[in-house]
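To keep things clear, I will list the structure first and then write my remarks on it.
Where a number appears in this text, it was derived from the coordinates with a stated rule and is not lab data. None of these values were measured; they are calculated from a predicted model. Using ideal geometry, Cβ is built from the backbone for each residue, glycine included, and neighbour counts are taken over all protein chains shown.
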């Protein structure tokens, strides 16, 4: 079977990891994947390197406003974004749909899996779904990785009209958590089915040993890891406030801060580090391909997200490596972490609660070990990559029937 995988993505991160683990653990090795990816996706080289299955690549140009935002003034960036979201993206659909339909037909696809970062984000993914339907592809899946964004009054009519149309075609919507599905149901989309993300546990012992030397970490350091993009909603400001308080009680806390970000985002975090005098306590590492090895150095992984989190692949990765997690109680995180068992859930933005839980785990190494084992058992039961890939393959098979 020839399966198309379509994505519009700009930051390297969790979506790439999900795609890699899904395709690399696909049960039917004779299937061929055709990947459609925008040319300015930061994670494209990582995808090319890590995919171990037969893949045909189709690289397309990203929407013009995404290119302009790289070099233009902030007011022009915002203006272009608003125009595109309210008017431009729907106008583009008139051209994108016939172009993609022709491409899909020539590729002779039997199934199309469209990855959407968070409805209604990644606007060309909607064009891909409609084009796939018009091209006669028998199996259509839209996989939504993020919680739903609220419709603005200026595009509510357009979005609700589009939702009504999507309900009229044979489309299976998949959410990576029940929290995602709940939001999509409110949007009037076709009934959403949850398939929880999974990760592949890797061996990293030798690599981790060399990294400890590279990062000048001693065995006495209490290492906290934060993994994700450097966008403001990830809660790095809260994390740094927590570290500022934590060092009053602990002599040796160290934070590994890993993730992609723009120069402005990195500068904002560095400014906060300098303001609080945390330079010697933080390793601002940027995008890394050795995330499992870095994570294995941590005593605790922290996810202080401020708005919402659709699933938290980072939490599952930590559990697979037997590391407890402290995270905000929001979105899909309660579906991943059992509070008090495999980690702790704290109120959003609550610096004091983060400090308290970090101190509890610092003072009780045996409790860290118990939570690590509980998290690993939960990972083995619910969040493995083969389980995730089999669920997607089974869904394709059901749609085929």
Counting other C-beta atoms within 10 Å, which of 308, 106 has the fewest, and how do the rest follow?
106, 308
Placing one identical point scatterer on every Cα of region 205-382 and ignoring solvent, what is log10 I(q)/I(0) from the Debye formula at q = 0.08, 0.11, 0.16 Å⁻¹?
-0.21, -0.41, -0.92
Once the convex hull of the C-alpha atoms of the chain is built, how many Å³ does it hold per residue, rounded to a whole number?
137
Using 0.36 nm per residue, how much length does the chain from residue 58 to residue 105 gain when fully extended, once their Cα-Cα distance is taken away?
15.6 nm
For 226, 348, order by how many other beta-carbon atoms lie within 10 Å, fewest first:
348, 226
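Going by C-beta contacts inside 10 Å, put 355, 144, 5 in order with the fewest on the left.
The most exposed by this proxy come first: 355, 5, 144.
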Residues listed by number, region 246-290, amide nitrogen under 12 Å from residue 49 label point at 7 Å toward C-beta:
287-290
Selected from 107, 16, 299 as most flexible by GNM, with the chain as the system and alpha-carbon contacts under 10 Å
107
Over the chain, the sum of -39500 (n - 2.57) across DSSP H runs of at least four, divided by residue number and rounded to 500 deg cm²/dmol, gives at 222 nm -14000 deg cm²/dmol
At 10 °C in a medium of viscosity 1.306 mPa s, region 216-255 has a Stokes-Einstein diffusion coefficient, with Rh taken as the Kirkwood radius over alpha carbon pairs, in µm² per second, of 142
Can you give the FRET efficiency for residue 352 and residue 262, using 1/(1 + (r/R0)^6), R0 = 41 Å, r = Cβ-Cβ distance, to the nearest 0.05?
0.85
So if I take the centroid of the Cα atoms in region 17-31 and the same for region 350-401, what is the distance between those two points in Å?
21
Roughly speaking, what % of Cα-Cα pairs in region 299-393 are separated by over 24 Å, rounded to a whole number?
18
Taking only C-alpha pairs under 8 Å that are 6+ residues apart, what is the relative contact order of the chain in percent?
16
Have a look at 375, 277, 343 and tell me which one the Gaussian network model of the chain (Cα, springs below 10 Å) gives the largest fluctuation.
277
